[in-house]
Amino acid sequence: MDVTKQVQAFPFMANVDAELATAMTSMASIKTLKAGEILAKQFEIGQHLYFLIEGEVAISVPLQDTGKSYNVGLIHNPLSPIGWSAFRHPSRYATTFTATKSSTLLFWPIVELQKILDANLNFANKFLQFVYQESLPVLTDIQNQTRPFFSNESLAFEETRPLVDSETQTHALKDAISLLNYAPFCETFTQAEIHTLAKKSSILLAHQGDIISQQDQLADGLYLLIKGKVVISYQTESGDIITTRTIARAGTVLAWATQNGSMKNRTSIISSRDSSILRIKREDLLDIFQDNPKFSVKYLYRLIWLVGAHLLAARMRYLSQIANDEVLAVSNVIEQNAALLPVSSPLYKVSELLKSAITTDEAFGVLYKCLHFGCVLERTISGMCLDILKDLQRENAFYRHLQNVYDTINNLPKDTPALDARRFGTELFKQAFQQVPYVIKGLENLPKKAGSLFIYNHLLGSPTNRLPNGFRFSMDAQFISAMIIDKEYGISGQRVVRRSKESEFWRDDFYGRFGNIFINSWDNLTKDTPEYDEFIKQSQQTLQNNFPLMISPEGQSFGTHQSPGTFLPHAFELAGSMGF
């Protein structure tokens with residue numbers, strides 16, 4: 001294969017002088033791979049920057065914890081860059097690359113290549129602009145495969161509107177400089193460069209529902225969040241609109257522009273509350289680039305870093321979904337940054353803390369502390385981890401509410417009436433269930449009378465809801481009582497509950513606070529015994545007093561796929577005794 005011809009095919013080689021063309025050609029080499037051959041392994045020191053000439057290369061993330069490897073993308077477009085993460089310190093490949101078919105690649109040694117870029121700034125701008133643009137399809141591909149997470153923020157506003165003729169706010173130059181110094185994106189910029197950016201900046205004021213930048217519209221500037229909160233919305237190739245993340249951290253880059261005027265916004269940025277945004281218009285950026293070509297090169301290097309950060313976050317979100325393991329994905333984010341992350345960083349604790357519901361709240365405490373007070377790398381990593389853990393964060397909020405229910409009811413005065421205890425418990429469970437998504441249908445089929453018998457299939461509780469002392473709520477019964485019965489009839493339901501086993505020292509005490517009806521064992525509850533007669537008597541009295549009564553006719557809990565189990569006769573015998 002003619003190396004000279006292949007080198008000349010790259011758009012950035014157009015109109016370069018003969019000396020530079022010779023240097024680039026003499027440094028270039030061709031590599032061929034058979035199907036199944038590995039081009040580069042994750043975490044290897046990056047010696048070369050590759051470009052695909054023909055064939056196809058798979059991208060995979062091997063995980064040390066499990067020994068498994070997950071495919072996270074394919075590269076098949078001619079001239080696509082491969083291994084560009086090695087452009088960033090500490091110059092290691094972020095993933096493993098394997099040929100899926102016979103493939104040919106052209107490559108340059110990174111150290112020698114960077115020397116040429118440093119000495120030829122105009123060429124460096126063209127070269128890095130090409131690498132940046134051609135790296136974007138890999139990010140688009142992984143985002144198109146990612147499912148949305150449930151976001152309360154995405155439901156916070158009913159309508160959106162373009163931010164046209166937006167309000168602006170005067171700002172002190174020192175405040176803009178302070179924000180840019182704090183922003184991870186600007187980490188490599190000199191104070192003179194940051195001062196120049198700050199002088200060109202303005203502040204936009206956005207209200208809830210304002211679209212700060214629209215996907216597929218021409219990029220018109222560099223936007224950084226000052227305060228407030230925004231939702232990142234992305235429309236996939238199939239037309240689905242997903243919320244990829246929410247951002248509330250000051251200094252985060254929301255949207256950006258380059259010298260290529262045809263580049264479009266990759267996502268839509270929507271303000272989910274009143275927010276202030278620092279903006280530097282594209283034309284002002286171009287003036288700065290014109291005056292300082294070296295800064296233009298720096299800016300492109302940071303855009304490549306930014307795409308890499310977004311790509312890592314998107315891959316880990318995708319990985320957490322296909323592996324159904326958010327903790328695994330977070331561990332990999334931290335692992336991928338271990339070469340730079342200080343060994344004293346508290347982020348190394350996060351993976352272990354996330355393994356138990358009891359310590360998960362401490363993990364989020366570490367992440368938020370690093371997000372606000374950590375070094376630049378810690379802030380970046382913690383932001384990625386929090387994006388991945390959106391669903392787990394909801395679960396953690398739910399778990400903390402369950403703890404609050406148990407402690408609050410347990411600490412009520414001993415003489416608190418059972419009806420009042422049920423009311424307290426119901427309100428606390430309502431707060432808990434607001435933390436998670438749910439759907440209720442069929443309310444029109446409920447009986448008109450509160451004093452009715454409600455039967456339900458009793459589902460096995462999740463181990464993640466087990467409290468530190470071993471207590472586990474019957475979540476199905478609590479949901480029915482708080483979110484259906486109470487809302488429909490304005491009164492909390494009473495339950496028939498099995499008495500504690502010997503190891504469940506906490507169970508009777510807790511459920512006894514609600515005045516529930518206890519039975520020793522469903523299997524031994526037979527007619528013509530004192531316990532059976534007492535069960536019928538107490539249940540009839542509850543219904544006659546117009547209180548809802550809940551009972552599971554199965555007498556035990558089952559997993560979702562095994563439910564319903566075999567029904568026992570007791571609920572139906574009770575219904576028969578009431579003439580239902």
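The values are calculated or read from the model by the stated rules, or taken from the named source; none is laboratory data. As the structure is a prediction and not an experimental result, all values here were calculated from the model. Because the Cβ atoms are built from the backbone with ideal geometry, glycine has one as well, and the counts that use them run over all protein chains shown. Areas reflect the complete protein model, heavy atoms only, side chains present, ligands, DNA and RNA absent. Shrake-Rupley method; radii C 1.70, N 1.55, O 1.52, S 1.80 Å.
Scanning the stretch 371-420 for residues that are touching a Gly at 6+ places or on another chain (Cβ under 9 Å) and surrounded by fewer than 21 Cβ atoms within 10 Å (Cβ to Cβ) yields Leu371, Arg379, Thr408, Ile409, Pro417, Ala418, Leu419.
Once the stretch 336-358 is narrowed to residues that are open to solvent by 50 Å² or more (accessible area, probe 1.4 Å) and at pLDDT below 90, the residue that is nearest to Phe373 (Cα to Cα) is Leu340. Only one of the numbered conditions (1) modelled with pLDDT under 90; (2) in contact with a helix residue (DSSP H, G or I) (Cβ under 7 Å, 6 or more places away or on another chain); (3) surrounded by fewer than 15 Cβ atoms within 10 Å (Cβ to Cβ) is violated by Gln540, and that is (1).
Name the residues in the stretch 543-580 that are of a type in the set (Phe, Trp, Tyr), open to solvent by 70 Å² or more (accessible area, probe 1.4 Å) and under 47 Å from the mean Cα position of the chain (by Cα), would you? Passing the criteria: Phe567, Phe572. Total residues in the stretch 435-463 satisfying the condition of being under 23 Å from Gly559 (Cα atoms), of a type outside the set (Val, Ile, Thr) and not in a loop (DSSP other than H, G, I, E, B): the figure is 3. Listed conditions (1) part of a helix (DSSP H, G or I); (2) at pLDDT below 90; (3) open to solvent by less than 40 Å² (accessible area, probe 1.4 Å) are all met by Ser521, apart from (1). Here is the figure for the stretch 328-363: residues that are under 18 Å from the mean Cα position of the chain (by Cα), within 20 Å of Phe43 (Cα to Cα) and of a type in the set (A, V, I, L, M, F, W, C) total 6.
Within the stretch 175-203, residues that are touching a residue at least 12 places away in the same chain (Cβ under 8 Å) have Cβ atoms under 6 Å from residues that are aromatic (Phe, Trp, Tyr) and in a helix (DSSP H, G or I) in these pairs: Glu193/Phe295, counting only partners at least 6 apart in sequence or on another chain.
Taking the stated definitions as given, is Phe473 within 30 Å of Asp361 (Cα to Cα), open to solvent by less than 50 Å² (accessible area, probe 1.4 Å) and of a type outside the set (Gly, Ala, Ser)? Against the criterion (within 30 Å of Asp361 (Cα to Cα), open to solvent by less than 50 Å² (accessible area, probe 1.4 Å) and of a type outside the set (Gly, Ala, Ser)), Phe473 qualifies. Annotation: of all residues in the stretch 464-482 being in contact (Cβ under 8 Å) with a residue 40 or more places away in the chain and in a helix (DSSP H, G or I), the one that is farthest from Gly559 (Cα to Cα) is Ala482. If you go through the stretch 1-30, how many residues are touching a strand residue (DSSP E or B) at 6+ places or on another chain (Cβ under 8 Å), surrounded by 15 or more Cβ atoms within 10 Å (Cβ to Cβ) and of a type outside the set (Val, Ile, Thr)? Adding up the residues that qualify gives 5.
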